[in-house]
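Quick note: the coordinates plus some simple rules give every number you see, no bench work behind them. Predicted, not measured: the structure shown is a model, and the values here were computed from it. Cβ placement follows ideal geometry from the backbone for every residue including glycine, while neighbour counts extend to all protein chains displayed.
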Amino acid sequence: MSDILVTQAAVRKLAAALSNPDNANLRHTERLDLIASAFGWKTDAFMHALKKQERSGGVHAPHDWAGPLGVSAETSEKITDLMECLVSKPGIVVVGGPFGSGKTTTILHMSRFLEDRGMALKLNAPGYVDWDDPDQRWDVRRTVEMAKRTPGHTYIIDELRSAAAMAAAMEIASAGNVVLTTLAASSAVTAAASLVGVHRTLQDKGRQDVFRGIVSQRLVRKSVPSPEGVQGEYRGRFMVADVLKLEMGLPDEIPRQEGVHDELVADILRAVEIGRTDSDEVERNFGSHALEGYLLRLGSQPRHVSSVRGAARR
């Protein structure tokens, strides 16, 4: 049975029904029918779902991103933490990664997570406007004004690669909405640096505190176990990610570039440890220099590093 979603539309419908003078003298069962109807439920099912939520403390079950995205349990917890922050404090989340790394898939699953918590998708901007085209500025302004009139929704913007797109995203988020967007960047650090660079070109430097986080990702091939001495195979792919929460919003200065891939490398090394992939995939995705740099910064090596040390020495 689904959870009861407390949306603005449902609350408005319920308030209008209860304020109707014709409903002033309804019996208890009739009032329950009215409440259930406002939320789109039949009364019996509504009461069953309500009791179920009361028994569970009225909270959502832990969200698992491992199924739809293939991430590790640790990464799944980090993404959930970031998304729960968005529900209580709407803002902008940027999903970064190279071309073909599955950014759009991640964005769509994030929007479904938010929809389940009452923040329905209001606009999916890809193909909707060219944020830099002066002839379409009316569409941009119309989108921003719509966001200001109806807060509590989710907006998807194709890519935050221009000052016009960033300015619109910050206005939409400042009005109490969530903005999910993508950026072609190899890591969370390089994504943050790109965002800081674009933000510096804006005349209005405010509202950078609406940035909530960056998810940087890569798709890695799964290795199939094979007998010793036999060349293995790859079947399917899974996602490794670096989840960076921006506690204070977008920084004023461009972040340091040292160790840009550290969290992504750490995530893929954990996958090597449990046999999901192999050292060849570490080399293919990050190269020996990034891995060697990570090992040097790490100092002491956990178990999952020893299995791929050879990849850094080729």
Once label points are set 7 Å from the Cα along Cα→Cβ at both Ser162 and Phe99, what is their separation, rounded to one decimal in nm? 1.9 nm
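Using a Förster distance of 41 angstrom, determine the FRET efficiency expected from the C-beta separation of Met248 and Ala16, and round it to 0.05. Could the numbers behind the result be given before it?
Details: r = 41 Å, r/R0 = 1.00.
Efficiency for this residue pair is about 0.50.
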Quick check: residue separation of Val87 and Arg235 times 0.36 nm, minus the Cα distance between them. What number comes out in nm? 49.7 nm
Between Asp280 and Lys205, what's the calculated FRET efficiency when r is the beta-carbon distance and R0 is 41 Å? Round to 0.05. 0.35
Quick check: residue separation of Glu30 and Met146 times 0.36 nm, minus the Cα distance between them. What number comes out in nm? 38.2 nm
Scan around Asn177 for amide H atoms under 5 Å from its own, H built in the peptide plane at 1.01 Å from N, and keep only partners 5 or more places away or cross-chain. Gly152
Residue by residue, what Karplus-based ³J(HN,Hα) values in Hz, rounded to whole numbers, does region 241-254 have, using 6.51, -1.76 and 1.60 with θ = phi - 60° and x for Gly and Pro? 8, 10, 9, 10, 7, 9, 4, 10, x, 5, x, 6, 10, 5
So which of Lys13/Lys42; Lys222/Lys245; Lys122/Lys148; Lys89/Lys245; Lys89/Lys148 end up more than 18 Å apart by C-alpha? Lys222/Lys245
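Normalised by the residues of region 150-227, what does the relative contact order come to in percent, with Cα pairs under 8 Å and at least six apart?
On the way: 72 pairs, mean separation 24.4, N = 78.
Relative contact order here is 31 percent.
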